[in-house]
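As structure tokens, the structure follows; a few thoughts come after it.
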Amino acid sequence: MIKRTLLVLISCLIQPTIHAAENDIPPQNVLQITSYADDASPGTLRWAILKNNQHPGNYRIELHTLGKKPYAIKLQQPLPPLMGPVEIINTDWRKTNDYIAIDGSGYIKPVDPRACPGAVEGQYGANVRTTSLPGLVLRDTGHVTLQGLEITNFCIGILINRSSDNVIEDNRIVANHGGAGLMLTGDDGKGNSTATTTQRNKILRNTFINNGDSMEATRGASFNLIADNFITTDLVNNKEPSQGLEMLWGNDNEIIRNHFENYSDGVQINWGNRNYIAANTFVNLSSAVTLSGSGNIVDGNTMTGNRVAVSVRPQGEAGKDGRFGINRISGISSNRISENIMIDNGRNIKRCFAGGSCLPHLAGAIVFNVPGLEHAAFIGNRGGGISEDTSKMEKICAIDGRVAGCEPTPNEGQTAPHLDRVTLHAGQLSVEGEVKGIANTLYRIEFFSNRRADENEAEDILGYQMVAIGANGQAHFHYQLTLPARLQVANVTATATNNDGATSTLSQPAALR
């Protein structure tokens with residue numbers, strides 16, 4: 001039932017991307033790209049964008065495969081920003097799956113992250129605030145559709161800045177270093193967030209290869225849908241395999257049914273709230289999902305072969321740049337981690353470019369107190385030109401000791417349940433245990449099983465039970481399940497989620513007796 005509801009939701013969200021406008025544009029208003037030159041002569045992409053920008057909403061731009069492969073428009077200077085409404089469609093992609101590249105290597109050399117300066121002088125690379133040297137720019141506009149393009153060799157492949165209701169679908173976004181393959185940001189030009197300016201964008205079915213950050217949704221980007229994308233890097237041609245998706249001050253976004261692999265983090269949330277991360281797959285990452293902020297939901301994902309499946313960070317007051325500064329006010333985070341399959345994590349993947357988990361003891365399924373860039377305890381690359389003066393960085397109570405202003409354990413320090421006894425009789429699995437929590441509140445206890453005795457994660461989902469915590473802050477539970485014949489159970493683990501939505505780590509496994 002949950003899956004059916006999720007699919008209906010996705011269908012409703014994606015359905016508006018159908019290109020009804022294609023039948024509304026008169027033939028004389030379709031701007032045909034007949035040359036891959038970059039001289040603004042009639043028939044070039046630059047000419048079409050300039051013409052469209054004079055009367056946005058009157059044109060559609062169509063590209064076609066010309067000559068022999070590779071099909072590429074090598075730019076010699078930046079393109080003007082796109083003004084919507086407009087569609088830029090590679091019509092041959094729909095027939096043959098051939099992309100047409102928009103290539104920035106004619107004037108940018110982003111293979112070296114130093115070629116991509118940050119907004120602060122002396123800083124550079126994927127890990128710093130930047131909007132420099134983008135390829136296609138959507139700024140203070142909306143209703144732009146891009147399909148069938150390959151965007152490559154820029155510092156930022158596609159920059160969506162203070163723009164809403166855009167659709168980026170079925171593209172290849174390759175080798176954009178120093179910023180991101182695609183950046184959604186409400187940045188006001190001074191590093192501040194802007195609310196309601198970067199909303200309802202849809203990033204659908206794209207392939208991201210060898211970008212620094214594959215995607216960013218930052219500084220007020222909200223209510224955006226990121227679905228069915230494939231995000232990868234080969235770890236050879238990418239000098240900064242940072243985040244598959246970074247969300248800094250990004251709220252209420254939906255990240256659904258994407259595949260993330262080989263980065264420092266799959267999804268990294270920094271001071272972002274109420275984001276929904278569901279039905280994704282995460283493989284070979286230092287940290288599959290990294291959480292700070294509050295109200296975020298990580299639900300129904302598959303996380304295999306990572307160092308950490310879910311890293312939950314302490315949270316202090318964000319500095320102006322959203323990353324560093326002495327902590328003055330400790331924030332409270334409550335993030336829900338529910339019904340995820342987590343198996344074969346704890347691997348020795350110490351890939352920490354602006355994220356990940358490289359402290360020796362921080363590995364496994366759900367791990368609290370993983371340091372971020374703003375923390376003195378962080379081990380890894382904070383970004384080019386970033387100060388490494390740890391005396392000015394935030395402290396974590398569990399790592400640095402109870403020093404003034406240190407940040408407490410995240411997710412309200414919720415402790416895992418304790419499982420006393422797991423038995424199987426006549427097909428009935430029985431789990432008994434206790435949980436400690438907030439007095440006189442209702443908790444959700446989720447149960448997982450593992451098929452081998454040496455496993456301690458969440459290979460199979462058994463179900464959940466709602467448990468009332470007594471006035472003494474404790475509760476006993478007895479969960480029963482008719483075990484499916486196909487399911488092998490060697491041990492059981494469990495999590496506890498309080499009524500604020502804060503989930504514990506996994507319990508110690510209890511062996512089947």
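Observations, loosely collected:
- The residue that is nearest to GLN508 (Cα to Cα), among those in segment 414-451 that are among the small types (Gly, Ala, Ser) and modelled with pLDDT of 95 or more, is ALA416.
- Filtered by the rule that a residue be over 20 Å from THR131 (Cα atoms) and in a loop (DSSP other than H, G, I, E, B), segment 187-210 gives ARG200, ARG205, ASN206.
- In segment 134-149, the residues that are free of Cβ contacts under 8 Å to residues at least 24 places away in the same chain form no Cβ pair under 7 Å with any partner that is assigned to a strand (DSSP E or B) and among the β-branched types (Val, Ile, Thr), whether six or more places apart or across chains.
- Residues in segment 176-202 that are among the aliphatic types (A, V, I, L, M) and crowded, with 24+ Cβ neighbours inside 10 Å: ALA180, LEU182, MET183, LEU184.
- Taken over segment 82-118, the criterion of being in contact with a Cys (Cβ under 6 Å, 6 or more places away or on another chain) and aromatic (Phe, Trp, Tyr) is satisfied by no residue.
- Subset of segment 54-79 [of a type in the set (A, V, I, L, M) and not in a loop (DSSP other than H, G, I, E, B)]: ILE61, LEU63, ALA72, ILE73
- Residues that are in a strand (DSSP E or B) and either over 24 Å from the mean Cα position of the chain (by Cα) or under 13 Å from ASN450 (Cα atoms) (or both) within segment 483-508 comprise ASN491, VAL492, THR493, ALA494, ALA496, listed in sequence order.
- When VAL367 is tested against (1) within 25 Å of ARG307 (Cα to Cα); (2) not assigned by TED's automatic domain parsing to the domain that holds ARG257, just one condition goes unmet, and that condition is (2).
- Residue match in segment 354-373 (condition: in a loop (DSSP other than H, G, I, E, B) and at pLDDT below 90): no
- Filter result (closer than 15 Å to GLY181 by Cα, surrounded by fewer than 24 Cβ atoms within 10 Å (Cβ to Cβ) and of a type in the set (A, V, I, L, M, F, W, C)) within segment 228-270: PHE230
- Annotation: of all residues in segment 271-285 being in a loop (DSSP other than H, G, I, E, B) and within 12 Å of the chain's Cα centre (by Cα), the one that is surrounded by the most Cβ atoms within 10 Å (Cβ to Cβ) is ASN280.
- Scanning segment 128-152 for residues that are of a type in the set (Gly, Ala, Ser) and within 21 Å of the chain's Cα centre (by Cα) yields a count of 0.
- Figure legend. Inter-residue proximity from segment 232-246: first residues more than 12 Å from ILE209 (Cβ to Cβ), second residues among the hydrophobic types (A, V, I, L, M, F, W, C) and surrounded by fewer than 21 Cβ atoms within 10 Å (Cβ to Cβ), beta-carbon distance below 6 Å, spacing 6+ or different chains. No pairs are indicated.
- Taking segment 203-227 as the range and being of a type in the set (D, E, K, R) and buried (at least 20 other Cβ atoms within 10 Å of the Cβ) as the test, the residues that pass are ASP213, GLU216, ARG219.
- In segment 304-324, the condition of being at pLDDT 90 or above, touching a Lys or Arg at 6+ places or on another chain (Cβ under 8 Å) and either hydrophobic (A, V, I, L, M, F, W, C) or at negative phi (or both) is met by at least one residue.
The values are calculated or read from the model by the stated rules, or taken from the named source; none is laboratory data. On a predicted model such as this, the values are computed, not experimentally measured, just so you know. Counting neighbours? That spans all protein chains shown, and the Cβs are built from the backbone with ideal geometry, glycine included.
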